Amino acid sequence: MTLAALFAEAERQDASPVARRADQVAWTDPATGYRRRNLSPPGFPSPIELVEVELPPGARVSYDSGNRAAAVEQQVYLLDGTIDLTVGEVTHRLSTGDCLAMRLDRPTGFHNPTDRTARYIVALTTDGRPALNAVKR
């Protein structure tokens, strides 16, 4: 399960395809100030989830993206700022306008090494194919 899925509503056939900003669910981590806002229409059946994130200066957020039943693909697009995004053992420095595509099958970490807030969009999709690490079992 993705973090975005924890904040998502169950799919409903009568869900609106529009998510008004005033109705979008936002959450702030009290320890780091990391803020995420679900952009996708709640409950609308779609294979794509969009999330906007604000990562404060110096903040670090890590995820253990281990075993999954289905493959989850993610792209991160930097709207403003700079982040160091680590996927497994590889770190990518992303700046405004950069986009990184990855499969969520290993630990990932986000770090803002600058003195200003970084803003980025995360797009996630589950394609229904078995995750590579699930196939290897």
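A count restricted to region 80-91 and to residues that are open to solvent by less than 60 Å² (accessible area, probe 1.4 Å) and assigned to a strand (DSSP E or B) stands at 7. Among the residues of this structure, TYR77 does not count as one that is under 28 Å from GLU11 (Cα atoms), open to solvent by less than 40 Å² (accessible area, probe 1.4 Å), of a type in the set (Phe, Trp, Tyr) and modelled with pLDDT of 95 or more. The residues in region 26-50 that are assigned to a loop (DSSP other than H, G, I, E, B) and within 27 Å of PRO113 (Cα to Cα) can be counted, and the count is 7.
Quickly run through region 28-49 and pick out the residues that are over 15 Å from SER16 (Cβ atoms) and touching a strand residue (DSSP E or B) at 6+ places or on another chain (Cβ under 6 Å). First the steps, then the outcome.
Applying the first criterion (over 15 Å from SER16 (Cβ atoms)) to region 28-49 yields 28-37, 47-49.
Hits for region 28-49 are THR28, TYR34, ARG35, ARG36, ARG37, PRO47, ILE48, GLU49.
Looking across region 28-45, just one residue is at pLDDT below 95 and of a type in the set (Phe, Trp, Tyr), and that is PHE44. For region 15-26, the candidate set comprises residues that are open to solvent by less than 90 Å² (accessible area, probe 1.4 Å) and hydrophobic (A, V, I, L, M, F, W, C); within that set, the residue that is modelled with the lowest pLDDT is ALA15.
Which members of region 92-127 meet the condition of being part of a strand (DSSP E or B) and in contact with a Phe, Trp or Tyr (Cβ under 9 Å, 6 or more places away or on another chain)?
Start the filter on region 92-127 by keeping residues that are part of a strand (DSSP E or B), which leaves 92-95, 99-103, 108-111, 118-127.
Listed by number, the residues that qualify are LEU94, CYS99, LEU100, THR108, GLY109, PHE110, ALA118, TYR120, ILE121, VAL122, ALA123.
Could you look through region 46-74, keep only residues that are at pLDDT 90 or above and under 24 Å from GLU11 (Cα atoms), and pick out the one that is surrounded by the fewest Cβ atoms within 10 Å (Cβ to Cβ)? Talk me through it step by step, then tell me what you get.
Start the filter on region 46-74 by keeping residues that are at pLDDT 90 or above, which leaves 48-62, 73-74.
In the following step, the residues that additionally are under 24 Å from GLU11 (Cα atoms) were identified as 48-53, 73-74.
Numbers: ILE48: 10, GLU49: 21, LEU50: 17, VAL51: 23, GLU52: 16, VAL53: 18, GLU73: 17, GLN74: 20.
Out of the qualifying residues, it is ILE48.
The values are calculated or read from the model by the stated rules, or taken from the named source; none is laboratory data. Everything numeric in this text was worked out from a predicted model, so none of it was measured. Glycine also receives a Cβ, built like all others from the backbone with ideal geometry; neighbour counts cover every protein chain displayed. Surface areas here come from the heavy atoms of the whole protein model, side chains and all, with no ligands, DNA or RNA. Shrake-Rupley method; radii C 1.70, N 1.55, O 1.52, S 1.80 Å.
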